[in-house]
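What follows is a single structure, written as structure tokens, with notes after it.
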Amino acid sequence: MRLVGHAVQAERRLRPSKALAAAALLLLVAVAGCGSNDGGATADDNGRPDTVVDISGTDPVGPKVAGSVAALVTCSDWKGADENQRLATIDDIRKQLAPQDSGIKIPELTDDEAEEAFDNACKIESSDGFRLYKLYAQAVGFVTLKRAIEADDGK
Amino acid sequence: MVRLVGTALAIAALATTAASAHLERPSYWPDPTADTSVSPPAGGAVPKARSLKSAVTGKGPGDVRVVCKRTSLDLALASIRQARRQGFHLRPSQPVTVYSKKKARKMRRINKALAEDCEYRSIQAAVDDSGNNDRIVIMPGRYTEPKSRKAPLNDPRCNPSMLLQTQSGAQAPSYEYQATCQNDQNLIHVTGRAVAGDPLPEPRPDRHGIPEQELGECIRCNLQIEGSGVKPEDVLLDAGKGYENPKDPTARPGGDLPAAECATDADEESPCWAKHVVLRTDRTDGFVGRNFLMRGAREHGFYTEETDGILLDRVKFFWNADYGHLSFTTDHNVVQNCDGFGSGDAVVYPGAAPQTGEFRDENFYPEQRYNTVIRRCDLHGSAMGYSGSMGNSTRVTHNRFYGNANGLTTDTLSAGGHPGFPADGMKIDHNWFYANNLDIYREDNPFDALVPQPVGTGFFWAGNNDGNFSNNWVFDNWRQGTMLVAVPDAVAGSPEGETDPQTQCPTSSSTYSTSCGNQYFGNHMGQVPPGFRPYPELEMFGNQTTLDGSSETAPNGVDFWWDEATANTGNCWYDNEGSDGTRDTVTASPPVGPAENESVPGFLPEKCATSMGSASGYSSKSPGLLVCFGLWETDNVDAPAGCDWWDTPSKPNGG
């Protein structure tokens with residue numbers, strides 16, 4: 001699935017959920033069992049087709065302040081959004097959290113990674129008020145983990 | 001794989017501590033030298049407050065503008081009378097203050113004189129008429145600023161024409177936006193410097209100094225805004241609505257409405273909030289704010305950015321949905337004698353503090369110093385009492401942290417947007433961290449929790465170097481008294497602006513560059529300070545505590561918790577005492593060692609020079625951490641063995 005919208009075209013990558021779950025499990029095993037490295041972390045698209053989604057013209061969900069919803073959009077907004085709105089929301093947050101200098105690279109979540117992070121966090125009891133941009137900033141840590149594991153698996 | 005486990009755990013440990021990212025224009029640390037284009041010079045030091053008395057005697061520079069309500073003098077006299085008869089608490093944890101006859105007479109005289117000089121009903125109008133060195137005195141009353149409330153959010157005069165387009169394609173309001181449409185988001189806004197040229201087309205990686213081309217002259221430097229009441233609650237700056245009793249300073253926006261019903265897409269439809277920020281000051285060098293309460297913002301109570309020289313004294317932050325106080329890229333910054341509750345993130349947030357520590361740019365900061373000080377505050381009843389990202393060389397001293405989910409957290413996760421990576425040189429001393437057991441994730445919590453935090457934690461340090469945690473009292477926090485975890489560069493991301501090439505972590509060339517050289521000493525763990533007396537705010541919002549005044553001890557779940565990150569060096573815990581006043585009763589993970597003042601593998605290091613993490617210790621802590629943090633990415637929230645961090649833990653044994 002590919003996101004095409006606004007000025008940005010971002011590749012929507014294979015969904016990492018099971019890969020990450022497997023990786024996390026692997027880590028647990030490794031920690032408990034001194035570094036076993038079997039049970040590979042394979043990518044899985046969760047059955048969703050690898051398609052292109054055009055979100056140009058789709059507004060993100062949540063209250064817009066000074067051109068962006070990133071500061072205020074919450075789990076409550078997320079739960080009520082359709083797929084295109086979610087992608088537009090992720091796009092908005094990702095842009096806001098990107099560094100403001102050229103030449104500086106900060107990890108970014110793909111659409112699937114961000115969706116999964118928001119979906120899971122928003123399941124916690126009384127999470128309706130969680131600000132998505134804060135969750136995004138946290139989840140960036142996990143994407144680094146995932147990629148490190150995948151790179152290690154590839155060796 | 002073992003290497004990856006290390007990385008993974010540090011990443012995991014870091015994740016819930018993220019205090020915040022920051023959504024704002026590219027920010028710079030202001031020039032720390034005084035601006036001598038105004039007299040007296042602005043900035044270069046923490047400003048000194050001018051006395052209330054001098055506002056009526058005419059002593060000192062600048063004009064005085066008085067703001068009042070029709071009933072202000074009556075309110076002032078009633079408050080003075082009450083202070084004389086019953087007294088008042090400046091902070092809930094402090095003893096009552098009773099006015100002497102002389103003090104009461106003086107305050108009556110001052111307020112009567114101010115009432116005669118009053119020419120403004122609106123604080124914003126008084127600000128707009130003010131210039132350098134001027135003063136605004138606000139007499140008792142509740143100030144809702146009707147004209148500001150009517151100013152539209154996303155005002156078409158500024159939006160989108162004054163939005164900055166960042167490199168990523170994101171939009172952020174420029175300085176000119178805030179100066180031109182000042183009540184778009186803010187109930188009251190102070191523009192400190194004139195709008196000059198355009199911002200740089202691309203932000204400068206070196207964040208020392210606001211770019212000359214966009215730095216205008218002082219137009220409201222050395223401004224002082226203060227309340228003339230007995231106590232901060234007498235002058236209420238209010239961005240909220242829907243109160244049951246709006247004149248009650250502790251009243252909650254929206255009354256009894258569930259917290260989730262406050263947030264609406266359109267601001268005008270919110271039953272709880274009218275504005276996003278109560279008082280914002282931008283590039284206001286030499287600003288003093290004193291003796292008032294900021295309540296009911298959809299985001300922040302007080303917000304300052306790119307300011308050199310600012311003092312907030314005797315201020316309160318009630319029911320501000322995100323942060324009570326937020327300072328960003330601000331220097332010579334002091335907040336003191338404050339009190340706050342009801343924040344979905346933190347009561348105070350000094351973010352992106354300047355790099356004035358050991359590895360500073362000595363051309364820009366000749367002297368090593370603390371650039372931000374938070375002191376003598378009650379920070380309670382919130383997700384966190386204090387949070388901060390990239391809080392370099394900040395000092396937190398003589399405060400009370402209680403009744404939060406987590407008393408104090410700093411992190412280095414949000415490097416993007418926060419200049420100053422890696423954070424270093426923080427000093428936390430002579431504070432009390434107690435009864436931080438508030439379950440903010442329960443259905444009926446009166447404010448929306450905006451972030452996930454481990455409930456029951458006194459102090460959580462995630463990614464700080466060369467820190468000092470000393471002479472604190474830490475007790476009755478049912479999960480952990482203190483917690484230290486490492487943060488690898490990879491998690492923090494590439495930092496905003498240039499990174500300091502030096503760091504206290506000798507392993508910075510590999511995975512870790514944070515959480516080295518932190519020292520914990522002289523702390524009292526699990527002991528109740530002599531003379532401690534419980535008070536009602538301790539149990540605010542249903543917070544759980546064992547502190548009923550009957551016991552001299554109140555254990556933490558564990559006093560010191562360290563992730564034992566293998567590569568970290570120089571972290572040490574020494575000369576601390578447990579519940580019986582000796583080293584023997586300190587509880588820790590890893591455990592306290594067999595020999596005093598030594599660093600023995602597998603035990604809590606006490607000798608700083610030989611302290612190292614432990615591969616086995618680090619690995620052994622992984623399952624618990626991974627369960628908690630893994631939930632976010634593994635769709636495992638409802639797993640039977642799920643993370644328990646979102647509930648108040650059981651009372652520790654011995655409590």
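The values are calculated or read from the model by the stated rules, or taken from the named source; none is laboratory data. All of these numbers come straight from a predicted model, not from anything done at the bench. Note that we place each Cβ from the backbone using ideal geometry, even for glycine, and neighbour counts take in every protein chain shown.
When we screen B:Arg149, B:Arg121, B:Arg157 for residues that are surrounded by fewer than 20 Cβ atoms within 10 Å (Cβ to Cβ), more than 29 Å from the chain's Cα centre (by Cα) and under 30 Å from A:Asp92 (Cα atoms), the only hit is B:Arg157.
Residue-level check: of (1) aliphatic (A, V, I, L, M); (2) touching a Gly at 6+ places or on another chain (Cβ under 9 Å); (3) in contact (Cβ under 8 Å) with a residue 40 or more places away in the chain, B:Leu326 misses just (3).
Only one residue in B:Thr284, B:Thr264 is in contact with a Pro (Cβ under 9 Å, 6 or more places away or on another chain), of a type in the set (S, T, N, Q), assigned by TED's automatic domain parsing to the domain that holds B:Ser79 and part of a loop (DSSP other than H, G, I, E, B), so which one is that? Steps first, please.
Details: B:Thr284 fails: in contact with a Pro (Cβ under 9 Å, 6 or more places away or on another chain).
Answer to the check: B:Thr264.
For the range B:273-298, a residue qualifies if it is without any contact (Cβ under 8 Å) to a residue 60 or more places away in the chain and crowded, with 24+ Cβ neighbours inside 10 Å, and the qualifying residues are B:Met294, B:Arg295, B:Gly296, B:Arg298. Candidates A:Ile124, A:Ile104: the one that is at negative phi, at the interface with chain B (Cβ under 7 Å from one of its Cβ atoms), modelled with pLDDT under 85 and touching a Phe, Trp or Tyr at 6+ places or on another chain (Cβ under 8 Å) is A:Ile124. Candidates B:Pro205, B:Pro173: the one that is assigned by TED's automatic domain parsing to the domain that holds B:Asp331 and either polar (S, T, N, Q) or buried (at least 21 other Cβ atoms within 10 Å of the Cβ) (or both) is B:Pro173.
Every listed requirement among (1) out of contact with any strand residue (DSSP E or B) (no Cβ under 6 Å at 6 or more places or on another chain); (2) more than 14 Å from every other protein chain (Cβ to nearest Cβ); (3) within 30 Å of B:Ala42 (Cα to Cα) is met by B:His276 save one, (2).
Suppose we keep only residues that are part of a loop (DSSP other than H, G, I, E, B) and buried (at least 24 other Cβ atoms within 10 Å of the Cβ) within the range B:185-200. Which one would you say is nearest to the other protein chains (Cβ to nearest Cβ)?
Step one: of the range B:185-200, the residues part of a loop (DSSP other than H, G, I, E, B) are B:185, B:192, B:196-200.
Narrowing the set further to residues that are buried (at least 24 other Cβ atoms within 10 Å of the Cβ) leaves B:185, B:192.
Working: B:Gln185: 7, B:Gly192: 20 Å.
The selected residue is B:Gln185.
When residues in the range B:330-365 are screened for being farther than 30 Å from B:Pro253 by Cα and in the same structural domain as B:Glu226 (by TED's automatic domain parsing), 2 of them pass.
Taking the criterion of being away from chain A (no Cβ under 13 Å), buried (at least 24 other Cβ atoms within 10 Å of the Cβ), farther than 27 Å from B:Lys112 by Cα and touching a residue at least 12 places away in the same chain (Cβ under 8 Å), would at least one residue in the range B:226-238 satisfy it? For the range B:226-238, residues away from chain A (no Cβ under 13 Å), buried (at least 24 other Cβ atoms within 10 Å of the Cβ), farther than 27 Å from B:Lys112 by Cα and touching a residue at least 12 places away in the same chain (Cβ under 8 Å): absent. Being under 23 Å from the mean Cα position of the chain (by Cα) and assigned to a helix (DSSP H, G or I) is the requirement here; does B:Glu226 meet it? Against the criterion (under 23 Å from the mean Cα position of the chain (by Cα) and assigned to a helix (DSSP H, G or I)), B:Glu226 does not qualify.
When B:Phe292, B:Phe317, B:Phe302, B:Phe287 are checked against the criterion of being touching a strand residue (DSSP E or B) at 6+ places or on another chain (Cβ under 8 Å), of a type in the set (Phe, Trp, Tyr) and farther than 15 Å from B:Leu187 by Cβ, B:Phe287 stands alone in meeting it.
So, B:Lys112, is that one assigned to a helix (DSSP H, G or I), without any contact (Cβ under 8 Å) to a residue 24 or more places away in the chain and over 17 Å from B:Phe292 (Cα atoms) or not? Spell out how you get there, then give the answer.
Numbers: assigned to a helix (DSSP H, G or I): yes; without any contact (Cβ under 8 Å) to a residue 24 or more places away in the chain: no; over 17 Å from B:Phe292 (Cα atoms): yes.
For B:Lys112, the condition - assigned to a helix (DSSP H, G or I), without any contact (Cβ under 8 Å) to a residue 24 or more places away in the chain and over 17 Å from B:Phe292 (Cα atoms) - is not met.
Just the residues that are in contact with a helix residue (DSSP H, G or I) (Cβ under 6 Å, 6 or more places away or on another chain) and aromatic (Phe, Trp, Tyr), please, taken from the range B:280-312. Walk me through how you get there before you give the answer.
Initially, the range B:280-312 is screened for residues in contact with a helix residue (DSSP H, G or I) (Cβ under 6 Å, 6 or more places away or on another chain), giving B:282, B:291-293.
Answer for the range B:280-312, where residues must be in contact with a helix residue (DSSP H, G or I) (Cβ under 6 Å, 6 or more places away or on another chain) and aromatic (Phe, Trp, Tyr): just B:Phe292.
Total residues in the range B:140-177 satisfying the condition of being within 14 Å of another protein chain (Cβ to nearest Cβ) and either closer than 30 Å to B:Ser79 by Cβ or in a strand (DSSP E or B) (or both): the figure is 6.
The strands (runs of 3 or more DSSP E) found entirely in the range B:309-387 that carry 1 or more residues being within 14 Å of chain A (Cβ to nearest Cβ) are B:323-328, B:346-351.
Residues that are touching a residue at least 60 places away in the same chain (Cβ under 8 Å) and assigned to a loop (DSSP other than H, G, I, E, B) within the range B:553-570 comprise B:Ala554, B:Pro555, B:Asn556, B:Gly557, B:Val558, B:Asp559, B:Asp563, B:Ala565, B:Thr566, B:Ala567, B:Asn568, B:Gly570, listed in sequence order. Which of the residues spanning the range B:292-308 are of a type in the set (Lys, Arg) and within 14 Å of another protein chain (Cβ to nearest Cβ)? Scanning the range B:292-308 gives a single hit, B:Arg298.
Taken over the range A:63-86, the criterion of being under 17 Å from A:Ala121 (Cα atoms), hydrophobic (A, V, I, L, M, F, W, C) and more than 7 Å from every other protein chain (Cβ to nearest Cβ) is satisfied by A:Leu72, A:Val73, A:Cys75, A:Trp78, A:Ala81.
Restricting attention to the range B:371-415, the residues being of a type in the set (Asp, Glu) and modelled with pLDDT under 95 number 1.
Scanning the range B:571-611 for residues that are out of contact with any Lys or Arg (no Cβ under 7 Å at 6 or more places or on another chain), in contact (Cβ under 8 Å) with a residue 40 or more places away in the chain and among the charged types (D, E, K, R) yields a single hit, B:Asp575. The lone criterion from (1) closer than 27 Å to B:Ser650 by Cα; (2) modelled with pLDDT of 85 or more left unmet by B:Gly467 is number (1).
Within the range B:57-93, the set of residues being touching a helix residue (DSSP H, G or I) at 6+ places or on another chain (Cβ under 6 Å) and modelled with pLDDT of 95 or more comprises B:Val64, B:Arg65, B:Val66, B:Val67, B:Leu73, B:Ala76, B:Ser79, B:Ile80, B:Arg84, B:Pro92. Among the residues of the range B:259-270, those that are over 25 Å from B:Gln182 (Cβ atoms) and in contact (Cβ under 8 Å) with a residue 12 or more places away in the chain comprise B:Ala259, B:Ala260.
If you take the residues of the range B:87-106 that are surrounded by 13 or more Cβ atoms within 10 Å (Cβ to Cβ) and over 31 Å from the mean Cα position of the chain (by Cα), which of them is farthest from B:Gln336 (Cα to Cα)? Result: B:Arg105. Considering B:Cys377, B:Cys338, the condition of being of a type in the set (A, V, I, L, M, F, W, C), surrounded by 24 or more Cβ atoms within 10 Å (Cβ to Cβ) and in contact with an Asp or Glu (Cβ under 7 Å, 6 or more places away or on another chain) is satisfied by B:Cys377 alone.
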